[in-house]
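**Q** Take this structure first; my questions come after.
The values are calculated or read from the model by the stated rules, or taken from the named source; none is laboratory data. From a predicted model like this one, the values you see are computed outputs, not experimental measurements. Because the Cβ atoms are built from the backbone with ideal geometry, glycine has one as well, and the counts that use them run over all protein chains shown.
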Amino acid sequence: MTITCGLNYSSGDAVVAMDADLQDPPEFIPELVKKWREGYDVVYAVREHRQGDSVFKRATAAVFTVSFASWHGSRSRPTPGISGCSAGALSKH
């Protein structure tokens, strides 16, 4: 809900959304901007390896991802860590 409020009040050419806990490093934002400038309307980054996560944490995350994909009927990942989109893509939704 908080991200939705921010998106509703955004006024630039593009937006970037990320969790405030910095679990996903903001250093990836320039790469997202680069892809947006190449013409992509929606971009996102997904961390492949999480240092320090326990085996239990990784296992429960894997179960969630498989369950989400099965329920959603999608092969995509449920929640990217950092994502961005153009104002045009945002206004379509």
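**Q** Of all residues in region 25-45, which are in contact with a Pro (Cβ under 8 Å, 6 or more places away or on another chain) and loosely packed, with under 13 Cβ neighbours inside 10 Å? So that I can check it myself, show each step before the final result.
**A** Quick first cut of region 25-45, residues in contact with a Pro (Cβ under 8 Å, 6 or more places away or on another chain) only: 44-45.
Once the filter is applied, which keeps residues that are in contact with a Pro (Cβ under 8 Å, 6 or more places away or on another chain) and loosely packed, with under 13 Cβ neighbours inside 10 Å, region 25-45 yields nothing.
**Q** Need pairs with beta-carbon distance below 6 Å; first residue closer than 20 Å to L7 by Cα and charged (D, E, K, R) and within region 19-48, second assigned to a strand (DSSP E or B) and modelled with pLDDT of 85 or more; sequence gap 6+ or separate chains.
**A** K35/V43
**Q** Identify the residue in region 4-34 that is among the small types (G, A, S) and under 13 Å from C85 (Cβ atoms) and, among all such residues, is modelled with the highest pLDDT.
**A** As a first pass, look at region 4-34 and keep what is among the small types (G, A, S): 6, 10-12, 14, 17, 20.
Applying the additional criterion that residues be under 13 Å from C85 (Cβ atoms) yields 6, 10, 12, 14, 17.
Working: G6: 81, S10: 83, G12: 83, A14: 87, A17: 83.
Restricting to residues being among the small types (G, A, S) and under 13 Å from C85 (Cβ atoms), the top hit is A14.
**Q** Go through region 35-89 and report how many residues are modelled with pLDDT of 75 or more and basic (K, R).
**A** 4
**Q** Within region 1-21, which residues are in contact with a Gly (Cβ under 9 Å, 6 or more places away or on another chain) and of a type in the set (G, A, S)?
**A** Correct list: A14, A17.
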